[in-house]
1. Among the residues of the stretch A:56-74, which ones are more than 24 Å from A:GLU127 (Cβ to Cβ) and not hydrophobic (A, V, I, L, M, F, W, C)?
2. Taking the options B:MET88, B:MET115, name whichever one is within 16 Å of DNA strand C (Cβ to nearest atom), touching a helix residue (DSSP H, G or I) at 6+ places or on another chain (Cβ under 9 Å) and of a type outside the set (Asp, Glu).
3. Which condition from (1) touching a residue at least 40 places away in the same chain (Cβ under 8 Å); (2) hydrophobic (A, V, I, L, M, F, W, C); (3) assigned to a loop (DSSP other than H, G, I, E, B) is the one that B:MET88 breaks?
4. Just a yes or no: is a residue in the stretch B:5-23 within 16 Å of DNA strand C (Cβ to nearest atom) and at pLDDT below 95?
5. I'd like the full set of residues that are among the β-branched types (Val, Ile, Thr) and in contact with a His (Cβ under 8 Å, 6 or more places away or on another chain), limited to the stretch B:40-92.
6. Only one of A:GLY84, A:GLY55, A:GLY59 is within 16 Å of DNA strand D (Cβ to nearest atom), more than 14 Å from chain B (Cβ to nearest Cβ), on the phi > 0 side of the Ramachandran plot and not basic (Lys, Arg). Can you tell me which?
7. For the stretch B:35-62, enumerate the residues that are crowded, with 18+ Cβ neighbours inside 10 Å, more than 10 Å from DNA strand C (Cβ to nearest atom) and not in a loop (DSSP other than H, G, I, E, B).
8. Return the residues of the stretch A:63-81 that are at the interface with another protein chain (Cβ under 10 Å from one of its Cβ atoms) and open to solvent by 40 Å² or more (accessible area, probe 1.4 Å); say none if nothing qualifies.
2 protein chains.
Amino acid sequence: MLSRKTKYGLKALCFLARREGNDPVQIEVISKAENISQKFLESILLTLRKAGYLGAKKGKGGGYYLLDKTRKTPIAAFYRVLEGPIAMVPCVSLNFYEKCEDCPDEDHCSVHNLMIQVRDNTLSILENTSLSDFIDNQMT
Amino acid sequence: MLSRKTKYGLKALCFLARREGNDPVQIEVISKAENISQKFLESILLTLRKAGYLGAKKGKGGGYYLLDKTRKTPIAAFYRVLEGPIAMVPCVSLNFYEKCEDCPDEDHCSVHNLMIQVRDNTLSILENTSLSDFIDNQMT
DNA sequence: TATTATCCTATGGGATTAGTAGGGTTTGCA
DNA sequence: TGCAAACCCTACTAATCCCATAGGATAATA
């Protein structure tokens, strides 16, 4: 299940992407528009800034704004930063791989092989949907 | 991420499905073959029995065995019993639907619409892979 | 300098996970 | 009948994660 953190993060990115122009937007504005706890959102936006997807401006007239590349960034990237691995099992994760202790041979593990299929299908969506695609999505 | 419970449950089902015949198998045998804590596995198999996928025989020579229909049952069914919803967000779950408090309009929510796609893709795999298919899987 | 807004660390309650403990109950067999 | 094998069931716990809040530090603007 998607954590609230990820869900809120994606909603905030959406909110920024839907705006005309790219002026900084205060946390409070986003949190009220999207019904998100302000303090919690604060930490989420901070994470996204550190990951290089958002810029921030302090002081009066400050706030968060999208960086240029962010609109073209696939949802998969945000997902990995906010939620972690996309794979359902560490042994099929591309970016967070870990071997299972209980499993002597991955190639012959049914769970492993099925979860590779699930991962590839999910990835095909999350990697091929950019933030721009994502906001168009809302009208379909 | 898949819980150990689900992973162990699927492995145990696999183990039973790969056997010739359908004699009861003791928990201990499965737990040793698959490197699973015996007591934990015990509770998992109990869940699967109550859900109607396994039979059990008590006393000497007893153990767990597959019911007839179980080989034809899709992995999605086991998943729902062991792990819960397949959807990543309750608002796109078919079997465990819940409305989001923060979201005024699902149809115009980007997250909602994206997660429907992910759900449909995942479902297409989990619903179309039966336990029989699943064990063949290991050799591909 | 005063105000505004992000930055950052720490903390805490609640839920979930992955077991563990310790019996109880039923069955088969000698 | 009696014993041991094997499942049945409840309760508990340690660890971890999630969601959120608090409060001050820092930086930018006017």
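The values are calculated or read from the model by the stated rules, or taken from the named source; none is laboratory data. Source: prediction; values computed, not measured. Note that each Cβ is placed from the backbone with ideal geometry, even for glycine, and that neighbours are counted across all protein chains shown. When the accessible area is computed, the model is the full protein with side chains, heavy atoms only, and any ligands, DNA or RNA have been set aside. Shrake-Rupley method; radii C 1.70, N 1.55, O 1.52, S 1.80 Å.
1. Of all residues in the stretch A:56-74, those more than 24 Å from A:GLU127 (Cβ to Cβ) come to A:56-65.
Selection gives A:LYS57, A:LYS58, A:GLY59, A:LYS60, A:GLY61, A:GLY62, A:GLY63, A:TYR64, A:TYR65.
2. Selected residue: B:MET88, the only one of B:MET88, B:MET115 that is within 16 Å of DNA strand C (Cβ to nearest atom), touching a helix residue (DSSP H, G or I) at 6+ places or on another chain (Cβ under 9 Å) and of a type outside the set (Asp, Glu).
3. B:MET88 satisfies all of (1) touching a residue at least 40 places away in the same chain (Cβ under 8 Å); (2) hydrophobic (A, V, I, L, M, F, W, C); (3) assigned to a loop (DSSP other than H, G, I, E, B) except (1).
4. Narrowing the stretch B:5-23 to residues within 16 Å of DNA strand C (Cβ to nearest atom): B:5-12, B:22-23.
Next cut, at pLDDT below 95 only: B:22-23.
Yes: the stretch B:5-23 contains one or more residues that are within 16 Å of DNA strand C (Cβ to nearest atom) and at pLDDT below 95.
5. Of the residues in the stretch B:40-92, the ones among the β-branched types (Val, Ile, Thr) are B:44, B:47, B:70, B:73, B:75, B:81, B:86, B:89, B:92.
Answer for the stretch B:40-92, where residues must be among the β-branched types (Val, Ile, Thr) and in contact with a His (Cβ under 8 Å, 6 or more places away or on another chain): B:VAL89, B:VAL92.
6. Answer to the check: A:GLY59.
7. Residues of the stretch B:35-62 crowded, with 18+ Cβ neighbours inside 10 Å: B:36, B:41, B:44-45, B:48, B:53-54.
Filter once more, so that each one left must be more than 10 Å from DNA strand C (Cβ to nearest atom): B:45, B:48, B:53-54.
Hits for the stretch B:35-62 are B:LEU45, B:LEU48, B:LEU54.
8. If the condition is that a residue be at the interface with another protein chain (Cβ under 10 Å from one of its Cβ atoms) and open to solvent by 40 Å² or more (accessible area, probe 1.4 Å), then no residue fits.
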